[in-house]
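Here the structure is laid out as structure tokens; the discussion comes afterwards.
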Amino acid sequence: MSKEVLKTRTVRVGGSVLIGSDHPIVVQTMCNTHTADVAATVAQCRRLAEAGSQLIRITVPSLSDVKALEQIHATLRSEGIDVPLVADIHFSAEIAMAVVPVVEKIRINPGNFHPDHEKARSLFGQFLQKCKQYDRAIRIGLNHGSLGKYIVEKYGNTPQAMALAAMEWVQMCIDAEFYNVVVSLKASNTVVMVQAYRELARLMKENGVVFPLHVGVTEAGNGNSGRIKSCVAISTLLGEGIGNTIRVSLTEDPANEIPVAQYLAHRYSDAPAALLSGREASILKAACDWGAPLLNHEVDDIPLEDAYLKDEILQACRRRFYKPEYIACPGCGRTLYDLENTFNKVKEHTSQFKDVVIAVMGCIVNGPGEMADADYGYVGEGAGKVTLYRKKEPVLRHIPEDEAVERLVELIRKDRED
Ligand code: SF4
């Protein structure tokens, strides 16, 4: 179905996974267990590998988790499970350096290596040398909500800014002659996400070196809404030949992400087909069929008889809003509460506020930054406490978890009365 596939370099992850060029689209997901809980993380990796995840990402929030990551890796290999592991690193060049000898791929946002941009560049240069030495792959992952002060001040907070920001790190990789690089520019807003990837693809093409792209909608939420939001945006890009590996982020069991990602990978490449129920397949098909025409403003309405599905697809493409817009992270080893149930509870109690964007985020480290343009945010602090945000400002801190949804509803209601 691709019009023209973007020709990229090929990235090798471990001994078995090839991303980019003419290789089938690679499907991946991420653990949501606590990394320090080695047994739980190994058990989840086993399930994810069986479900068909070709790469598995694991968060490494502290240096002490590096040891756990080593044990997880060794246990999986001793069981004959050879799915490459990807360490997910935020804000710490030290942890990024420490995981290089341990796993096959490392996801970083180099701009967050240090608040001083020149120091961040220098640390990234050292990191690349170490990755070269160990023959690792990396993902440069910039998200719309967490571009960093330097980037926002220099380029703004637009899809173009995201692409330009990524190009700085892309160029550093080229200068260091390190080519085992994948890039991602995720956003929860499908319009922003599609524009950012298109712009990055254009800039890399113009620059002469095109790295493979990891495509995904971040904080897509759960249920049909999360699946539809992911499908409209990812399919739009895959239909243009942009995207070599995908993650469908859902605030659910990560194994549920795999069949949706496999559906997309199979639709746009020679990847294996997904096992889906008839209803699920028809929802994904409709989202993929109508995503591009709506996002590209080629049509203003869609001829679907199923009113619910029509509403969901139109909202996912940001063409018509029939309910609040929800953003929820998928959760990971940093998540400090029951994210999935809390998210469902928030949705249940806020459905009357049609024109707001509400975010539910698993941790206080990345949650506030990643909420991007949410009007309100529910962010877990840990130890049974929650902080509520209005835009990017924390307005109610340390609220006991069992009161937090009610306080969020009060906050929104009060703002609307003022
Ligand atoms: S915001 Fe969610 S997915 Fe992101 S690091 Fe925090 S808990 Fe993990």
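Selection within segment 335-367: residues that are within 9 Å of the ligand (Cβ to nearest atom) and not in a loop (DSSP other than H, G, I, E, B). The member of this set that is nearest to PRO324 (Cα to Cα) is MET361. Being buried (at least 22 other Cβ atoms within 10 Å of the Cβ), modelled with pLDDT of 95 or more, within 16 Å of the ligand (Cβ to nearest atom) and not hydroxyl-bearing (Ser, Thr, Tyr) is a property that holds for VAL248. Only one of these is touching a Pro at 6+ places or on another chain (Cβ under 6 Å) and not acidic (Asp, Glu): VAL170, VAL182. Name it. Answer to the check: VAL182. In summary, strands (runs of 3 or more DSSP E) completely within segment 81-186 and bearing 3 or more residues that are closer than 24 Å to ILE242 by Cα and β-branched (Val, Ile, Thr) occur at 181-186.
Looking across segment 368-378, the residues that are of a type outside the set (Gly, Ala, Ser), buried (at least 23 other Cβ atoms within 10 Å of the Cβ) and more than 6 Å from the ligand (Cβ to nearest atom) come down to MET371, TYR376, TYR378. For segment 391-418, filtered to residues that are in a loop (DSSP other than H, G, I, E, B) and under 28 Å from the mean Cα position of the chain (by Cα), the residue that is nearest to GLY369 (Cα to Cα) is LYS392. Could you check, for segment 317-333, whether at least one of its residues is loosely packed, with under 14 Cβ neighbours inside 10 Å, more than 23 Å from PRO254 (Cβ to Cβ) and at pLDDT 95 or above? No, there is no match, as no residue in segment 317-333 is loosely packed, with under 14 Cβ neighbours inside 10 Å, more than 23 Å from PRO254 (Cβ to Cβ) and at pLDDT 95 or above. Which is under 22 Å from the mean Cα position of the chain (by Cα) and either closer than 27 Å to ALA372 by Cβ or assigned by TED's automatic domain parsing to the domain that holds ALA176 (or both), of PHE127, PHE113? When all the criteria are applied, what remains is PHE113.
No other residue among ILE81, ILE108 is under 21 Å from the mean Cα position of the chain (by Cα) and at pLDDT 95 or above apart from ILE108.
If you filter segment 36-80 down to residues that are outside any helix (DSSP H, G or I) and among the β-branched types (Val, Ile, Thr), you find that the one that is farthest from the ligand (Cβ to nearest atom) is ILE56. In this entry, GLU298 is excluded by the filter for residues that are closer than 30 Å to THR35 by Cα and either of a type in the set (Asp, Glu) or crowded, with 21+ Cβ neighbours inside 10 Å (or both). Checking every residue in segment 298-307 against the condition of being of a type in the set (Gly, Ala, Ser) and part of a loop (DSSP other than H, G, I, E, B) gives zero matches. Select from segment 14-26 the residues that are closer than 15 Å to VAL183 by Cα and modelled with pLDDT of 95 or more and list them in ascending order. LEU18, ILE19, GLY20, ILE25, VAL26 - these are the residues of segment 14-26 that are closer than 15 Å to VAL183 by Cα and modelled with pLDDT of 95 or more. Candidates are the residues of segment 22-36 that are touching a residue at least 24 places away in the same chain (Cβ under 8 Å) and over 19 Å from the mean Cα position of the chain (by Cα); the one that is nearest to ALA68 (Cα to Cα) is ALA36.
Name the single residue, out of those in segment 303-355 being over 24 Å from HIS144 (Cβ atoms) and among the small types (Gly, Ala, Ser), that is farthest from the chain's Cα centre (by Cα). The residue in question is ALA307. If you go through segment 38-57 and keep only what is in contact (Cβ under 8 Å) with a residue 24 or more places away in the chain and over 17 Å from VAL102 (Cα atoms), you end up with GLN44, ARG46, ARG47, LEU48, ALA49, ALA51, GLY52, SER53, GLN54.
Taking the criterion of being on the phi > 0 side of the Ramachandran plot and not acidic (Asp, Glu), the residues of segment 123-179 that qualify are GLY148, GLY156.
Which count do you get for residues in segment 1-13 that are modelled with pLDDT under 95 and not polar (S, T, N, Q)? Of the residues in that region, 6 qualify.
The values are calculated or read from the model by the stated rules, or taken from the named source; none is laboratory data. What you see is a predicted model, and the numbers here were worked out from it, not measured in a lab. All Cβ positions, glycine included, derive from the backbone under ideal geometry; neighbour counts span all protein chains shown.
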